[in-house]
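See below for the structure under consideration.
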Amino acid sequence: MIKIAFNKQATGKADVSAYGMETAKKARAFHSSIPDYAPTPLRELGCLAESLGVGGIFVKDESQRFELNAFKVLGGSFAIGSHIASLMGEDIAAMPYERMCGDEVRKALGQQTFVTATDGNHGRGVAWTASKLGQKSVVHMPEGTASERLENIRRLGADANITDPTYDDCVRRAAKDAAENGWLLVQDTSWDGYERIPGLIMQGYTTMALEAVEQLGDKKPTHLFLQAGVGSMAAAVAAFMVNYYGEARPKIIIVEPHTADCHYLTAAADDGKLHLISGGMDSMMAGLCCGEPCPIAWEILKDYADAFASIPDSASAEAMWRLAWPVGTDPVTVSGESGAAGMGLALTLFKEENAELKKKLGIDENSVLLCFSTEGDTDKENYKKITGK
């Protein structure tokens with residue numbers, strides 16, 4: 001069963017200029033200076049769209065982002081790069097990857113240590129960036145983390161361990177470590193006094209959104225499905241789309257698992273307060289198991305998201321299977337548990353029992369749906385169990 005809260009707080013007034021075209025071009029210029037950069041594919045699922053009776057379905061496939069099987073590196077790398085540039089008295093526009101790896105930076109700054117908390121993909125991106133730049137990283141992960149995700153981070157040279165019951169507990173540990181050791185905390189959520197780095201991480205995600213609109217060309221999406229953990233990716237992409245399309249922007253629908261649906265609960269309560277989830281969050285959508293919304297991201301989502309949805313694991317599993325075994329001649333997309341969440345909601349809306357919700361969202365034969373598959377098979381054992389591949 002899916003649950004949807006239609007946003008009653010939206011005003012469309014939040015300032016999203018920091019996530020517009022100028023920022024996206026700067027972020028992409030930095031990312032494109034890194035060896036092996038290439039835009040990830042935007043896959044058109046024309047046969048699926050025809051079978052469901054809509055104008056189009058597109059999926060941005062982030063399983064092919066660098067060598068990391070997920071999009072998260074875009075945020076961590078841009079934040080770390082921006083920080084190093086600022087220490088050198090430069091803007092990141094003047095500090096491409098090759099210069100950051102050079103003797104000039106090593107002699108000026110020595111070796112920095114970057115610490116973070118992660119459910120998997122963000123920490124891997126931070127560890128990868130630190131390794132590429134000759135820096136150190138420390139990564140905290142919550143109980144229940146798949147061993148494959150932990151080992152992937154350790155293989156990049158990070159000091160990575162499973163340390164706390166929940167992601168949010170790991171965030172607090174990482175912040176404490178940073179304060180006590182003089183390390184830089186690279187976290188994709190914010191709080192009072194800690195907003196610059198999360199904002200830079202969000203700006204880094206605009207590379208993905210810029211690629212998508214360029215690949216879409218004249219095909220304008222009418223509905224944008226964005227999964228949320230802390231909400232930083234969802235807010236960054238939503239903000240870019242608001243800048244890019246203006247009043248013609250697509251409807252923005254935020255998707256979370258039932259057990260970690262803090263954005264949905266906050267929207268449904270409609271009382272002006274953030275509603276948090278504590279304790280265990282048992283969902284296979286591990287990358288979305290965050291109980292506390294990122295405040296700077298929420299300020300964007302509460303003003304521009306049209307709806308917030310909460311879905312069961314079965315919806316994500318169904319989307320993983322459908323993307324692995326596409327309709328007709330549609331291309332295969334390898335999508336992991338968190339990556340398939342947006343498509344999971346989209347597919348579920350076409351079931352008979354959800355006809356009224358689909359109608360209320362304005363999905364009809366002219367609709368063009370855009371989803372971001374934010375990770376590939378980051379837990380290969382579970383991916384094979386669900387898809388048979």
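No value in this document is a laboratory result; all are computed from the given coordinates. Everything quoted here is computed from the prediction, not taken from an experiment. Every residue, glycine as well, gets a Cβ built from its backbone with ideal geometry; the counts of neighbours run over all protein chains shown.
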Estimated FRET transfer efficiency when R0 is 56 angstrom, pair K389-K13 (beta carbons, to 0.05): 0.80
Potential lengthening between E381 and E180 on full extension [0.36 nm per residue; Cα-Cα distance subtracted]: 68.6 nm
Distance between the C-alpha centers of region 1-73 and region 93-139? Whole Å please. 25 Å
Over region 163-230, equivalent-ellipsoid semi-axes from the Cα gyration tensor in Å: 33, 14, 9
Residue by residue through region 294-304, what is 3J(HN,Hα) from phi via Karplus (6.51 cos²θ - 1.76 cosθ + 1.60, θ = phi - 60°)? Round to whole Hz and write x for glycine and proline. 6, x, 5, 6, 4, 4, 7, 5, 5, 9, 10
Spread of Cα-to-Cα distances over 10 Å intervals beginning at zero, given as percent, for the chain: 5, 26, 36, 24, 8, 1, 0
Compute the angle between helix 167-181 and the longest alpha-carbon principal axis of the chain, please, reported from 0 to 90 degrees and rounded to the nearest 10. 20 degrees
Note the angle between two axes, namely the Cα long axis of helix 121-132 and the longest principal axis of the Cα atoms of the chain, as a number of degrees from 0 to 90, rounded to the nearest 10. 30 degrees
From phi via Karplus (6.51, -1.76, 1.60), per-residue ³J(HN,Hα) for region 307-324 in Hz, x at Gly/Pro: 7, 10, 10, 10, 10, x, 4, 4, 5, 5, 4, 4, 5, 4, 5, 5, 5, 6
So, in region 57-144, how many Lys pairs have Cα atoms under 23 Å apart, if the pair is 8 or more places apart or on different chains? 5
Could you list the square roots of 5 times each eigenvalue of the Cα gyration tensor of region 269-389, that is, the equivalent ellipsoid semi-axes, sorted largest first and rounded to whole Å? 26, 21, 13
Amide N proximity, region 34-56 versus E98 label position 7 Å along Cα-to-Cβ, cut-off under 16 Å: 34-37
Taking placed amide H atoms and a strict 5 Å upper bound, the residues 5 or more places from S137 or on another chain that come that close are F114, D159
Helix-derived [θ] at 222 nm for the chain: sum -39500 (n - 2.57) over DSSP H runs of at least 4, divide by residue count, nearest 500? -13000 deg cm²/dmol
Suppose R0 equals 35 Å; then what is the FRET efficiency for S147 and D218 from their Cβ-Cβ distance, rounded to the nearest 0.05? 0.15
How far apart, in nm, are two points set 7 Å out from the Cα along the Cα-to-Cβ line at A248 and at Q111? 5.3 nm
Amide H to amide H under 5 Å from E375: which residues, 5+ apart in sequence or cross-chain, H placed 1.01 Å off N in plane? E62, G336, G339
Calculate the spin-label point distance for R196 paired with A29, positioning each point 7 Å from the Cα along the beta-carbon direction, and give it in nanometres. 2.1 nm
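How much of the DSSP beta bridge set in the chain is antiparallel, as a percent to the nearest 5?
20 percent
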Proxy exposure order for L347, L274 (fewest C-beta within 10 Å first) is L274, L347
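At a 10 angstrom cut-off on C-beta neighbours, averaged per residue, how do the peptides 333-345, 363-375 rank from highest to lowest?
333-345, 363-375
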Label-point separation (nm) for R154 and T329, each offset 7 Å from Cα along Cα-to-Cβ? 4.7 nm
